[in-house]
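Worksheet: one structure, shown below.
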Amino acid sequence: DQQVKQNSPSLSVQEGRISILNCDYTNSMFDYFLWYKKYPAEGPTFLISISSIKDKNEDGRFTVFLNKSAKHLSLHIVPSQPGDSAVYFCAATGSSGGGADGLTFGKGTHLIIQP
Amino acid sequence: DSGVTQTPKHLITATGQRVTLRCSPRSGDLSVYWYQQSLDQGLQFLIQYYNGEERAKGNILERFSAQQFPDLHSELNLSSLELGDSALYFCASSKGGSSYNEQFFGPGTRLTVL
């Protein structure tokens, strides 16, 4: 049973345009959400996070939106650059285990930025 | 470079064998997490150690075990290996014991079971 779902395995966007990556979750105990970026032959690197008490968090070109009622979050990248081509993982964690449950990841979306 | 090191980078072994994967966390980090990334399952949390003690367990099989040593490095032991254990194994570290802390991932160990 997948608790974090990324329904688009891949996404192709033109350079300079907005990239929107989506993520859905099912576990109501999740209260902290993260996006990680992964290049081939490297481990995932943290990109941006959002707590469930907020609905938006911005960091430079990256913005994460959280819709708790829909159990949905999205990552917006504006403008998209060639170096953004990577696999993006949505992850979540919650307080059910005192915040010590590890991260639950989606299967990832491969973002390809076209020149 | 995240500061987390994992050895070996690649490991090829046969079914039924046992292997040990090693992880050194970032300097000052007390928590070590292990994750498995397989083609069909994505990244799955296996187990967490904090300052030498087991802190949380995820989808870790009984054939797998881990420990964290006094110098805070960690080892993941995989025994009675099966073809389905072929995967990328990532280690991550964080300062605190909570998964709300930012986790820094190593480059992974690719395990191939033949």
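The values are calculated or read from the model by the stated rules, or taken from the named source; none is laboratory data. Not measured: the values here are computed from a predicted model. Glycine gets a Cβ as well: all are built from the backbone with ideal geometry, and neighbour counts include every protein chain shown. When the accessible area is computed, the model is the full protein with side chains, heavy atoms only, and any ligands, DNA or RNA have been set aside. Shrake-Rupley method; radii C 1.70, N 1.55, O 1.52, S 1.80 Å.
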**Message:** Yes or no: segment B:4-18 includes at least one residue that is within 11 Å of chain A (Cβ to nearest Cβ), touching a strand residue (DSSP E or B) at 6+ places or on another chain (Cβ under 6 Å) and at pLDDT below 95.
**Reply:** no
**Prompt:** Taking segment A:25-51, which residues are of a type in the set (Asp, Glu) and assigned to a strand (DSSP E or B)?
**Reply:** A:Asp31
**Request:** Kindly provide the set of residues from segment A:45-61 that are of a type in the set (Gly, Ala, Ser) and closer than 27 Å to B:Gly3 by Cβ, ordered by number.
**Result:** A:Ser49, A:Ser51, A:Gly60
**Item:** Candidate set from segment A:85-103 (those that are modelled with pLDDT of 85 or more and at the interface with chain B (Cβ under 7 Å from one of its Cβ atoms)); member that is nearest to B:Gln36 (Cα to Cα)
**Value:** A:Leu103
**Fill in**
Taking segment A:8-33 and keeping only residues that are closer than 20 Å to A:Gly83 by Cα and among the aliphatic types (A, V, I, L, M), one is left with A:Leu11, A:Val13, A:Ile18, A:Ile20, A:Leu21
**Item:** Residues satisfying the stated conditions in segment B:64-73, i.e. open to solvent by less than 50 Å² (accessible area, probe 1.4 Å) and more than 12 Å from B:Val19 (Cβ to Cβ)
**Value:** B:Ala66, B:Gln68, B:Leu72, B:His73
**Message:** Condition first: within 14 Å of chain B (Cβ to nearest Cβ), open to solvent by less than 70 Å² (accessible area, probe 1.4 Å) and assigned to a strand (DSSP E or B). Can you find one or more residues in segment A:58-74 that meet it?
**Reply:** no
**Request:** Name every residue in segment A:29-49 that is open to solvent by less than 70 Å² (accessible area, probe 1.4 Å) and within 10 Å of chain B (Cβ to nearest Cβ), in order of residue number.
**Result:** A:Asp31, A:Tyr32, A:Leu34, A:Tyr36, A:Lys38, A:Gly43, A:Pro44, A:Thr45, A:Phe46, A:Ser49
**Asked** Within segment B:74-114, which residues are part of a loop (DSSP other than H, G, I, E, B), more than 14 Å from every other protein chain (Cβ to nearest Cβ) and open to solvent by 20 Å² or more (accessible area, probe 1.4 Å)?
**Response** B:Ser79, B:Ser80, B:Glu82, B:Ser86, B:Leu114
**Request:** State yes or no: is B:Gln36 within 23 Å of A:Val4 (Cα to Cα) and at pLDDT below 95?
**Result:** no
**Prompt:** Quick one: would you say A:Thr26 is open to solvent by less than 50 Å² (accessible area, probe 1.4 Å) and away from chain B (no Cβ under 11 Å)?
**Reply:** no
